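Reviewing the structure listed below.
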Amino acid sequence: MTLSEEQFAEDLTGGPERRPPSRSRVVARRFLAAPRGRAGLTLLGLLFLLAFAGPLVSPWSYTDRDFTAFLQPPSAAHWLGTLQTGADVFAVTLRGMQKSLVVGLLAALVSTALAALVGAFAGYFLGWTDRTLTWLTDLLLVLPAFLVLAVMSPLFGSGAWVLFVVMLALFLWMVTSKIVRGMTVSLKRREFVQAARFMGVPPVTIIFRHVLPNLSSLLIVDATLNVSAAILTETSLSYFGFGIQPPDVSFGTLIAGGARTAVYAPWTFWFVAGLLVVTVLAVNLVGDALRDAFDPSATRTR
Amino acid sequence: MAGFLARRLLNSLVLVAVAASLAYLLAAAALDPRSNYADRTPRPPAAVVDAQLTALNLNDRTPLIQRYATWAAGVLHGDFGRSVTGSPVGDDLRRRAGVTFRLVLLGLVFGSLAGVAAGALAAIGQYGWFDRLSAGLSFVVLAVPVVVLANMLILAGTWANERLLGHQVFLVSGEYSDGLDAGFWGRAVDRLQHLLLPTVSLSLGLVAVFSRYQRNMMLDVLGADYVRTARAKGLSRRAALVRHALRTALIPVVTYFAFTFGVLLTGATFTEKIFGWHGLGEQLIDSIFTNDVNTVAAVSVLAAVAVLCASLAADLLHAALDPRVRAG
């Protein structure tokens, strides 16, 4: 396109003062245009509503025990039946879902933030900072995460689930941080970062104001996919008794209990397992649709 | 190349040493072998417990640094110490590594082959019915954690045994039936029956991952000039796709295969534990429950070595298969 043609095009579209649509708006439109994005978001919204508004309409709380109904099938009094202890499956399942959702979301946020910081600092400063941080990343990749979390599990008891979230996040960030590092190295050579450096902007400010915002699409997608990874890890750990500790419940502890009684009391296993699968599926759908929405090279219509 | 390899190996050795030391220190600080003796009846006198723990290098009254030095000196001589029951950890691990190997190998081979085939087919018919179906199925499979999948398979297997088939076809616990007297073929069939469900539980997730991976690689390659050239010089569609497109697209998948193998040696933990296979993963979980510090440390050394060997093998394979890497 030559210069005159460009001016001509500008005249046609109503001059240079007309603002182009903002990036977030473009992404949102493309996200909602994909059936996967719509389905995932709706599903996730419904699940959140169920987890946090469901307990309000249920007559039982998750600590209640009905001593007149042990291991009973679904009925009018207990919508999804009861467990061996007389606990209401509906109430317990929703409580477990609350815990799993909160743990998953927090762990994903912490791990993505960690990945962004470590990767950006290593890629921007290079030299010894880079070598130390890369070495640390490699070390954590080599340490068996399951083992470390399991060994530390006695510390997670009675209300210390925040520590559990932090430990969970500590083993989720390494691969993303390697990607962030690579992208930071190439961003550092770009003109706008060079310009900021020559104007005397301090390096840490450059990282927060120029480097990280340019990686936001990668980080948002990564955070979304980390939610499902965190929920799955939490479930596996809690299944073997290494995660969320009783009396609190999560998907993992419920599935472990349900699997033992599933043969003669299917309702103790299948509702929890089904909800878990639907939750992870919804998160993955949202993540996948987000990735396509952020990717400029993705084809819009199929 | 040689210098790079040497530096890489040295770096790996340091990483293994640090990871192993960290794992030992963490396990020794967090686990409490003394509590194993607390609920025995009659309760052993304190002096006996102390002597026993000291003999096993597990006494928490010895300073941690001193215990660590004893352990590290042993490991350097190839001795991983003894478990809480007094048996040497090394022998136990060797037996269990074999079990895990038998379980993982079949699952990995089956899973990657099926995944590659599915991914290649999906790429050739992009946006066709098979592509859509495999994409949807892998989405669902990736949302099912192994602990749920394994339990579902056990329930489905027992249900099928009782309702559909009328006799035991799917055996859901252990590696083989103990004391079975049925000759060579009878035992082989018995082992196969035990293998079926764990293999499915291991490979389903792999099929999903490999098929997505292979599909993307294949799509990158399908538009390449050399595939068009192959068609233009008169090769049939099938020959061009298999000999030129698939072979190139397989390179990253092969390296991923090597990496997965290393991770799975302890990553089959959940499958092993739920299906009752006495492998490394089960050992890991059991040793944490029994406060078995030396075994925990030994398994983590093994896991670290396996991951590093696998990533080294993946890089070497990549260099061997792709001339661009060697030149670059």
Q: Measure nothing fancy, just the Cα-based angle from helix A:251-261's long axis to the longest principal axis of chain A, in degrees from 0 to 90, nearest 10.
A: 30 degrees
Q. To the nearest 0.05, how large is the calculated FRET efficiency for residue B:137 and residue B:188 if R₀ is 30 Å and r is the Cβ-Cβ distance?
A. 0.40
Q: Give me the Kirkwood hydrodynamic radius of segment B:237-320, using the inverse of the mean 1/r over all pairs of distinct Cα atoms, in Å to one decimal.
A: 14.8 Å
Q: Could you pull out every residue, at least 5 positions away or on a different chain, whose amide H is within less than 5 Å of the one on residue B:82? Hs are placed 1.01 Å off N in the peptide plane, and Pro or chain starts have none.
A: B:89
Q) Just A:177, A:22, A:75 to compare: in a GNM of chain A, with alpha carbon springs under 10 Å, which one fluctuates most? A) A:22
Q: Might you tell me the accessible area per residue for chain B, computed with a 1.4 Å probe and given in Å²?
A: 51 Å²
**Q.** Isotropic mean projected area of the C-alpha convex hull, the protein assembly as shown (nm²)
**A.** 39.4 nm²
**Q.** Value of Rg/Rh across segment B:171-328 [Cα atoms, Kirkwood radius]
**A.** 1.12
Q. By a straight-distance test (C-alpha under 23 Å), which lysines pair with residue A:188 as possible cross-link partners, with residues fewer than eight away in the same chain excluded?
A. A:178
Q.
Out of the trypsin sites (Lys or Arg not before Pro) in segment A:54-142, which ones are loop residues according to DSSP with at most 16 other C-beta atoms within 10 Å?
A. A:65
Q: Note down the Stokes-Einstein diffusion coefficient of segment A:77-146 in µm²/s, whole number, using a Kirkwood radius over alpha carbon pairs, 25 °C, and 0.890 mPa s.
A: 157 µm²/s
Q) Once you treat every alpha carbon in chain B as an equal point and sum by Debye, what is log10 I(q)/I(0) at q = 0.07, 0.14, 0.15 Å⁻¹? A) -0.41, -1.18, -1.25
Q. So for the pair residue B:43, residue A:163, with labels modelled 7 Å out along Cα→Cβ, what separation do we get in nm?
A. 2.7 nm
**Q.** Charge dipole of the protein assembly as shown about the Cα centre (unit charges at C-beta), most positive-ward option of A:148, A:166, B:200
**A.** B:200
Q) Quick one, what does Rg over Rh come out to for segment A:143-302 if you take C-alpha atoms and the Kirkwood Rh? A) 1.11
**Q.** Full-stretch length increase - residue B:165, residue B:70 - with 0.36 nm per residue and alpha-carbon distance subtracted
**A.** 28.5 nm
Q) What's the angle, to the nearest 10 degrees (0 to 90), between helix A:161-170's Cα axis and the longest principal axis of chain A? A) 40 degrees
Q) Between residue B:77 and residue B:231, what length comes free when the chain is fully extended (0.36 nm per residue of separation minus the Cα-Cα distance, one decimal in nm)? A) 49.5 nm
Q.
For segment A:22-108, compute the orientation-averaged projected area of the C-alpha convex hull (one quarter of its surface), in nm².
A. 7.8 nm²
Q: Working from Cα positions, state the angle (0 to 90°, nearest 10) between the long axis of helix A:216-239 and the longest principal axis of chain A.
A: 20 degrees
**Q.** chain B, relative contact order in percent, only Cα pairs under 8 angstrom and at least six apart counted
**A.** 26 percent
Q. Hey, what's the per residue convex hull volume over the C-alpha atoms of segment B:81-128, in cubic angstrom?
A. 94 Å³
(Q) Cut-off 10 angstrom, C-alpha nodes, Gaussian network model of chain A. Which of A:288, A:66, A:248 fluctuates the most? (A) A:66
Q: Divide, for segment B:18-171, the radius of gyration over alpha carbons by 2.2 N^0.38 Å, where N is the residue count.
A: 1.66
**Q.** q = 0.09, 0.12, 0.13, 0.15 Å⁻¹, chain A: log10 I(q)/I(0) [Debye, one scatterer per Cα]
**A.** -0.59, -0.91, -1.01, -1.19
Q: Scan chain B and report its longest stretch carrying no trypsin sites (Lys or Arg not before Pro) that are both in a DSSP loop and have at most 15 other Cβ atoms within 10 Å.
A: B:62-232
Q) Taking N as the number of residues in segment A:18-63, what is its alpha-carbon radius of gyration divided by 2.2 N^0.38 Å? A) 1.84
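The values are calculated or read from the model by the stated rules, or taken from the named source; none is laboratory data. Bear in mind that the values here come from a model prediction, so they are computed numbers and not experimental data. When we count neighbours, we look across all protein chains shown, and the Cβ atoms used for this are built from the backbone with ideal geometry, even at glycine. Just the protein is used for accessible areas: all its heavy atoms, side chains included, with ligands, DNA and RNA removed. Shrake-Rupley method; radii C 1.70, N 1.55, O 1.52, S 1.80 Å.
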